[in-house]
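Let me begin by presenting the structure, written as structure tokens, before commenting on it.
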Amino acid sequence: MIGNDPNMPNGLLDPPEAPVPGGPMRAAVILPWERFAGRDIPGADQSRAAEARLAEAVGLAASIGLVVVHTAILPLRMRRPSTLFGEGQVSIQGQSINRNHVQVVIADAALSPVQQRNLERVWGCKVIDRTGLILDIFGERAATKEGALQVELAHLQYQRSRLVRSWTHLERQRGGFGFLGGPGETQIEADRRLIDDRLVRLKKELEGVRRTRGLHRTARKRVPFPVVALVGYTNAGKSTLFNALTGAEVAAKDQLFATLDPTMRGMGMPSGRRIILSDTVGFISQLPHELVEAFRATLEEVSEADVILHIRDVAHPESSAQRADVIKVLDDMVADGTLDANWPERTIEVLNKADLLGGVGEVTLREGSVAVSAITGEGLEALKAAIDSRIAQGKEVVDYDIPPHDGARMAWLYQHGEVIERYDDENAVHLKVRLLPADRARFERQE
């Protein structure tokens, strides 16, 4: 068991002072650790993996202003239905929680409503699990109306599952959705009905958002700009790379989930073609399923992309595990029909933060990967060339004979494709054109 380690991130100490009224909330982060629990990377150092996972949870807590004054890694021999942890572990942690005046405990795992309720009773403070913490972060960061709708939908779906808990606990929950009533069966049923009604309205609003995004995608298809989407683990440097490539000023911080709302910018490529680059929300291990569903509209940008850039923090000790987490989310999108199964064929793995390892020359490359440093700019030209090459690979070369008077169809080919060769005679204009398969099908349907 590890607790109050001064070598942990943010210099975690064990200050005895009571919290200052109106000051930041004092938190404890506790990681239940099962050996090879979902992250059994061959050859991985499990002790180091546990510490990296704890550091990630501490970063999540700190990202919403919590002051983490106590941390612990608790090995689990078995999951207890009542409290998750063993009786002795609960008692020892309770002493530390009281001594450090902890106001909220974050259990970096999925807690059942009963486990959450029992731990709150024993420890005498608020307890939230990993899902609740991530939902709080998303709720604080969502900047657009779409993002706010998505977060509220996920939050309500999560809260609805908590209504099976004891009635007295509901009086202590914070929130603003109008369902925090007093004890009693009638009030619980009323709360559930209010949530269900709001869920129906939110889903209708989000359907409208998706239709609007569909119209935007349709409009983009009229322009010969391939879409390149950035995906990757949170804090892998996607927004920094996005800014380096496009010259944009998207918020890029050394912070988990700094980007929640998708951003799109146009940029030129070495070949002379224009592309649309799309920055997306970062993935994370054990992403709450409520958020996967709620952010489907955002993830649809990935499904429509011509090229996917999987951005990895190559200097992170858990880089391989993070890669596996991202791939799992993308595979889950395939399973629910959001993403086509051939997404790996149009994916380039971008090994970012090479400067932390001494430069791109020090990075071991996989097939189809490119090493870069978004901070120094090293490797960006190679990345652009790789994007250009991948886009060209996805296009087909087709010959067309266009009547000289059919200027509209010739203009369409020039606008949507790359005219490689052209020669004219009295009967026709002969064009050799490189087109994306979808554009070729659209053009030939016009004939």
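The values are calculated or read from the model by the stated rules, or taken from the named source; none is laboratory data. Here the structure is a predicted model, which means the values were calculated and not measured. Cβ placement follows ideal geometry from the backbone for every residue including glycine, while neighbour counts extend to all protein chains displayed.
Are there any pairs with C-beta distances below 8 angstrom linking a residue in region 359-370 that is assigned by TED's automatic domain parsing to the domain that holds A386 to a residue that is of a type in the set (D, E, K, R), with the two at least 6 apart or on different chains, and if so which?
From region 359-370, the pairs are G359/E378; V360/E378; R366/E349; G368/E349; S369/E349; V370/E349.
Out of the residues in region 105-127 meeting the condition of being β-branched (V, I, T) and surrounded by fewer than 20 Cβ atoms within 10 Å (Cβ to Cβ), tell me which one is nearest to the chain's Cα centre (by Cα).
Across region 105-127, the extreme among qualifying residues is V114.
Sort through L351, L339, L365, L356 and tell me the only one that's over 16 Å from the mean Cα position of the chain (by Cα) and assigned to a loop (DSSP other than H, G, I, E, B).
Result: L365 is the single residue among L351, L339, L365, L356 that is over 16 Å from the mean Cα position of the chain (by Cα) and assigned to a loop (DSSP other than H, G, I, E, B).
How many residues does region 121-175 hold that are closer than 17 Å to Q286 by Cβ, modelled with pLDDT under 80 and in contact with a His (Cβ under 9 Å, 6 or more places away or on another chain)?
Here the count works out to 1.
Please tell me if I308 is closer than 21 Å to R390 by Cα, without any contact (Cβ under 8 Å) to a residue 24 or more places away in the chain and either touching a Lys or Arg at 6+ places or on another chain (Cβ under 6 Å) or not polar (S, T, N, Q) (or both).
no
Among what's in region 300-324 and is more than 11 Å from A236 (Cβ to Cβ) and hydroxyl-bearing (S, T, Y), pick the residue that is surrounded by the fewest Cβ atoms within 10 Å (Cβ to Cβ).
S320
Under 7 Å by Cβ, and 6 or more places apart or on different chains, what pairs join a residue from region 332-350 that is modelled with pLDDT under 90 with one that is exposed (fewer than 11 other Cβ atoms within 10 Å of the Cβ)?
The qualifying pairs are V334/A341.
With respect to I327, determine if the residue is surrounded by 14 or more Cβ atoms within 10 Å (Cβ to Cβ), touching a strand residue (DSSP E or B) at 6+ places or on another chain (Cβ under 6 Å) and outside any loop (DSSP other than H, G, I, E, B).
no
Restricting attention to region 400-418, report how many residues are under 27 Å from D388 (Cβ atoms) and not aliphatic (A, V, I, L, M).
The number of residues fulfilling the criteria is 8.
With the requirement that a residue be under 17 Å from H405 (Cα atoms), at pLDDT 80 or above and surrounded by fewer than 18 Cβ atoms within 10 Å (Cβ to Cβ), what does region 423-447 give you?
Y423, D424, D425, E426, N427, A428, H430
Got a sec? Which of I375, I420, I391 is over 30 Å from S320 (Cα atoms), surrounded by 11 or more Cβ atoms within 10 Å (Cβ to Cβ) and among the hydrophobic types (A, V, I, L, M, F, W, C)?
The match here is I420.
Quick check, is I284 at pLDDT below 85, within 29 Å of T364 (Cα to Cα) and touching a helix residue (DSSP H, G or I) at 6+ places or on another chain (Cβ under 9 Å)?
Considered against the rule, which asks whether it is at pLDDT below 85, within 29 Å of T364 (Cα to Cα) and touching a helix residue (DSSP H, G or I) at 6+ places or on another chain (Cβ under 9 Å), I284 comes out as yes.
Mind checking whether some residue in region 220-229 is at pLDDT below 70, touching a strand residue (DSSP E or B) at 6+ places or on another chain (Cβ under 9 Å) and charged (D, E, K, R)?
yes
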